[in-house]
1. For the modelled label position 7 Å from the Cα of A262 along Cα-to-Cβ, which residues of segment 276-300 have backbone nitrogen atoms closer than 16 Å?
2. Say we join alpha carbon atoms closer than 10 Å with springs in a Gaussian network model of the chain; which of Y33, Y168, Y44 then has the biggest fluctuation?
3. Extension gain K145-E294, at 0.36 nm per residue separation less the Cα-Cα distance, in nm?
4. Once the Cα atoms of helix 164-177 and of the chain are each reduced to a long axis, what angle between those two axes, in degrees from 0 to 90 to the nearest 10, is obtained?
5. Residue separation times 0.36 nm, minus the C-alpha to C-alpha distance between R196 and T111: what's the value?
6. Which FRET efficiency, nearest 0.05, do R301 and K206 yield, Cβ-Cβ r, R0 30 Å?
7. Let me make sure I get this right: for segment 231-303, a, b and c are the square roots of the gyration tensor eigenvalues over alpha carbons, sorted descending. Under 1.5 in a/c it's rounded, otherwise prolate if a/b > b/c, else oblate. Which is it?
8. Quick one: accessible area per residue over the chain, 1.4 Å probe, rounded to a whole number of Å²?
Amino acid sequence: MKAGALALTLVGLLLGPTLFAKENPSTVSTAEYYYRQGDYRQAYPLWVNVLERSPENLNAFIRVAELMLWQEGRAKIPDRFRLRLESPGLNREERQLLKAKFWQIQIAFLTDAAQNLYFQGKHRLERGDFAGALENLQRASEADKGQFLILRDRAHVEFQLGQWGPYYETLKLAQRSYPYDPQVRYLLAEAHLLNRDTTSTLELLKSSDPVIDPKEKTLLAVALSDSGARTQALPVLRGLATSLREKVSPVIFYLLGDVLFANTATRSEGRRYLEKFVAAQSIPAPWDPFHLSERLSEAKRLLALP
């Protein structure tokens with residue numbers, strides 16, 4: 001059995017008891033018969049017909065998405081799931097079910113070739129052969145466009161090789177493939193900041209669940225500050241400086257110092273934060289999404305003022 005067929009069979013089995021929860025089995029028996037037989041070409045139009053007759057049927061929506069993957073590829077799948085997940089009226093359980101099925105579909109391999117190339121790349125990655133891993137993962141990406149695991153690991157290898165431009169573009173593809181992975185969301189928000197795109201950073205962070213992770217809060221504070229929304233950024237900055245203490249990113253010291261230094265009433269406090277920022281700096285890392293080198297020069301300029 002091919003990788004894609006096996007993956008769909010597994011997804012179908014996982015769908016299991018929920019499939020007929022909201023539908024009379026007699027109306028879908030023929031469609032499901034062909035599906036269970038592995039005759040996806042026959043099952044697909046029948047399930048599409050079921051969904052057209054009952055657009056709110058979540059189980060029919062999932063079956064159509066599974067079969068669309070096998071019949072048409074995954075190009076249309078992210079938008080279909082995103083629109084459905086953004087639609088009103090879904091309860092928490094239905095939303096979780098949709099996200100789980102979306103994930104299962106986007107990590108399924110459509111071909112044996114793509115699956116083999118992916119695992120060869122993983123093996124090379126584990127051995128530290130980043131150039132070899134990237135070659136395998138690039139070929140896997142061509143063999144199965146939009147497959148989430150391939151894109152996620154390809155981005156990781158591109159980062160290790162210092163290929164910031166390709167890394168950024170691959171993260172965008174991974175985020176589009178499955179926009180609910182917290183690690184990819186964080187990395188893409190960070191990459192947006194490196195490219196001085198604060199608007200995309202804010203849109204990405206605000207599109208997720210409430211930002212509570214300190215690392216994401218740091219990105220949010222930087223994006224708000226750099227976009228000119230200092231009033232909104234200040235409570236986030238103070239909260240991070242207070243709660244994290246010694247673990248706070250030095251960029252928070254700079255941003256707090258910059259805001260407070262501009263006000264004569266709080267200039268002394270701002271100066272203390274700028275001094276902490278300067279003291280915390282070391283040799284800049286190649287990956288510098290917060291542009292610390294530039295901020296260091298500005299901090300020194302401000303501290304030289306009376």
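The values are calculated or read from the model by the stated rules, or taken from the named source; none is laboratory data. Note that the structure is a prediction, hence the values are computed from the model and not measured. Here the Cβ is made from the backbone with ideal geometry for all residues, glycine too, and neighbour counts use every protein chain on show. Heavy atoms of the whole protein, side chains included, go into the accessibility calculation; ligands, DNA and RNA do not. Shrake-Rupley method; radii C 1.70, N 1.55, O 1.52, S 1.80 Å.
1. 295, 298-299
2. Maximum among the listed residues: Y33.
3. Net length gain for the segment: 49.8 nm.
4. 40 degrees
5. 26.8 nm
6. E between R301 and K206, to the nearest 0.05, is 0.40.
7. In terms of gyration-tensor shape, oblate.
8. Per-residue accessible area for the chain comes out at 51 Å².
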